[in-house]
Amino acid sequence: MRLIETAHALLKKHLNTGDKAIDGTLGRGQDTLLLAQIVGPTGAVIGFDIQAAAIEATSTLLHTHHCAAWVQLFQKNHATLDETLPVGWKGHTAAAIFNLGYLPGGNPEVITETHTTLIALNSALEALKSSGLLISMLYPGHPGGDIEATAAKAWMESLPPSLYTYHNQLGQPSQNSSKKSPELHWLIKL
Ligand SMILES: C[S@@+](CC[C@H](N)C(=O)[O-])C[C@H]1O[C@@H](n2cnc3c(N)ncnc32)[C@H](O)[C@@H]1O
């Protein structure tokens with residue numbers, strides 16, 4: 001299974017109608033759309049991206065699929081997640097996804113950065129309820145991505161196994177390139 005397919009299968013398994021979910025990196029909105037479709041109008045989704053193009057692309061996608069009403073989009077750094085989290089979400093969020101890196105088709109120099117990524121991942125973890133899921137898709141193949149991926153992995157591995165289970169799936173190395181493959185990592189709060 002491709003990494004993104006595994007990520008989406010995990011979301012389908014852990015999220016239900018009426019749940020609360022977070023997308024830490026909207027991009028073109030594919031992950032947000034899935035979150036919105038699963039939780040439905042009785043649930044709620046919040047999403048972050050620093051780029052207007054990502055907010056616009058996601059908003060258009062959600063409107064096309066009639067899911068925009070229960071999704072709030074923030075053109076903000078995901079490091080502000082904790083202060084942006086709606087009242088009642090801390091400890092009650094069913095899933096969060098961080099598909100890191102840069103906007104596909106956008107400026108590859110605007111990337112997620114280690115320091116703010118770690119702040120955001122921590123806040124998302126705190127927002128989860130018991131059995132909640134935190135997904136991070138890491139891209140060590142682009143400049144800056146390697147350091148971020150190493151730090152994110154070290155953070156996940158450092159969490160107490162009595163409180164969280166940690167899993168990963170590594171992408172297949174490409175035969176035509178020496179670039180490091182993407183990696184999918186996820187935590188489940190016990
Ligand atoms: C790989 S894309 C996300 C893909 C997306 N989830 C999808 O389904 O299309 C990464 C996104 O992270 C955004 N980003 C970069 N730094 C960020 C930050 N500090 N806070 C929030 N978003 C950020 C980029 O603008 C980019 O749109």
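Rule-based calculations on the coordinates, nothing more; no lab input. All values derive from a computational prediction rather than experimental measurement. Ideal geometry is used to build each Cβ from the backbone, glycine not excepted, and the neighbour counts take in all protein chains shown.
Miscellaneous remarks
- Derived scalar couplings between HN and Hα for the stretch 139-154 equal 10, x, x, 9, x, x, x, 5, 5, 4, 5, 4, 5, 5, 5, 4 Hz in order, rounded to whole Hz, by the Karplus curve 6.51 cos²θ - 1.76 cosθ + 1.60 (θ = phi - 60°), x for Gly and Pro.
- Taking the stretch 3-189 and dividing mean pair separation by its residue count, relative contact order in percent (alpha carbons under 8 Å, at least six apart): 20
- Distant-in-sequence amide H partners of Phe74 (H built 1.01 Å from N, under 5 Å): Gly47, Phe48, Asp49
- For Gly43, the residues whose amide H sits under 5 Å from its own are Gly18, ignoring neighbours fewer than 5 places away on the same chain, with H placed 1.01 Å from N.
- In order along the stretch 67-81, the Karplus-derived 3J(HN,Hα) couplings, from 6.51 cos²θ - 1.76 cosθ + 1.60 at θ = phi - 60°, round to 10, 6, 5, 10, 10, 10, 9, 10, 7, 8, 5, 5, 5, 8, 3 Hz, and Gly and Pro are given as x.
- Shape category assigned to the stretch 45-115 from the gyration tensor of Cα positions, a/c cut at 1.5: oblate
- Distant alpha-carbon pairs in the chain (separation over 23 angstrom), percent: 37
- Computed helical MRE - 222 nm, the chain, DSSP H runs ≥ 4 contributing -39500 (n - 2.57), nearest 500: -10500 deg cm²/dmol
- Amide hydrogen proximity for His92: with H placed 1.01 Å from N in the peptide plane, the residues at 5 or more positions away or on another chain lying under 5 Å are Lys129.
- Phi to ³J(HN,Hα) by Karplus 6.51 cos²θ - 1.76 cosθ + 1.60 over the stretch 89-104, Hz, x for Gly, Pro: 8, 5, x, 10, 8, 7, 7, 9, 10, 10, 9, 7, x, 10, 5, x
- Taking 7 Å steps out from each Cα toward its Cβ at Ala53 and Tyr166 produces label points 3.4 nm apart.
- Loop-located GluC sites (Glu not before Pro) in the stretch 80-180, at most 12 other Cβ atoms within 10 Å (DSSP): Glu109
- Which listed pairs, of Lys90/Lys153; Lys12/Lys153; Lys20/Lys180, have C-alpha distances above 29 Å, in listed order: Lys20/Lys180
- Estimated FRET transfer efficiency (Ile147, Asn122; beta-carbon r; R0 30 Å; 0.05): 0.95
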